[in-house]
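Quick note: the coordinates plus some simple rules give every number you see, no bench work behind them. Small disclaimer: the values here were computed from a predicted structure and weren't measured. Every residue, glycine as well, gets a Cβ built from its backbone with ideal geometry; the counts of neighbours run over all protein chains shown.
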Amino acid sequence: MTASLTWLSTPDDVGADLRAELTACWRDVANAGGAVGFAQQLPVTDAVVRPVLDATVEAPGNRLLVARAGDEVAGWLVLATNTEPVFAHWAWVQRVQTAVTHRGTGVARALMAEVARSAREDLGLDWLRIEVRGGAGLEPFYERFGWQVVGRWPGAIAVTPDDRRDEVLMALPLR
């Protein structure tokens, strides 16, 4: 993969142009069937995705990791840290996505390696957590990077009113 990775730790780091690019990526990934939210709203438009992106960027403790290939956003994810001291030793990985045009190029692999490295080395965390949509075949992808299934919430995700999926809980030990 020839993408560059950049951490963005404050809302001011994510300007209007980048927000538009991230919105477009999220829209396209969701509309292509990616398990990144909006399941019952498909197809989604920028007008649906943008307020959720803005809330994600503005949330306290969120850091974005953005992969760029040339001038394009190739993928991104959110590392949501905890502000409460009793939970400060772990964080959530959220919204992992690779732009549709960059799938199969190693972007997701680079994102996952960097989020684990940064969480361990830069932030001194002990664990990462992620929740994935059951029935989407995502567990083997994360397991390749050392993630373990630690539980599930049966039927927690209503992809459609008639399609309920488990929310699969996964963890990555960093120590």
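Data table
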read-out	value
Matching residues, segment 34-60, being under 15 Å from the mean Cα position of the chain (by Cα) and free of Cβ contacts under 8 Å to residues at least 60 places away in the same chain	GLY37, PHE38, VAL49, VAL52, LEU53, ASP54, ALA55, THR56, VAL57, ALA59
Test: residue in segment 118-133 that is farther than 15 Å from LEU79 by Cβ and among the hydroxyl-bearing types (Ser, Thr, Tyr)	no
Segment 128-151: number of residues that are surrounded by fewer than 17 Cβ atoms within 10 Å (Cβ to Cβ) and not acidic (Asp, Glu)	13
Segment 96-121 - residue that is without any contact (Cβ under 8 Å) to a residue 12 or more places away in the chain and farther than 17 Å from ASP71 by Cα and, of those, surrounded by the fewest Cβ atoms within 10 Å (Cβ to Cβ)	GLY104
Counted residues, segment 91-116 - those being among the hydroxyl-bearing types (Ser, Thr, Tyr) and over 18 Å from GLU139 (Cβ atoms)	2
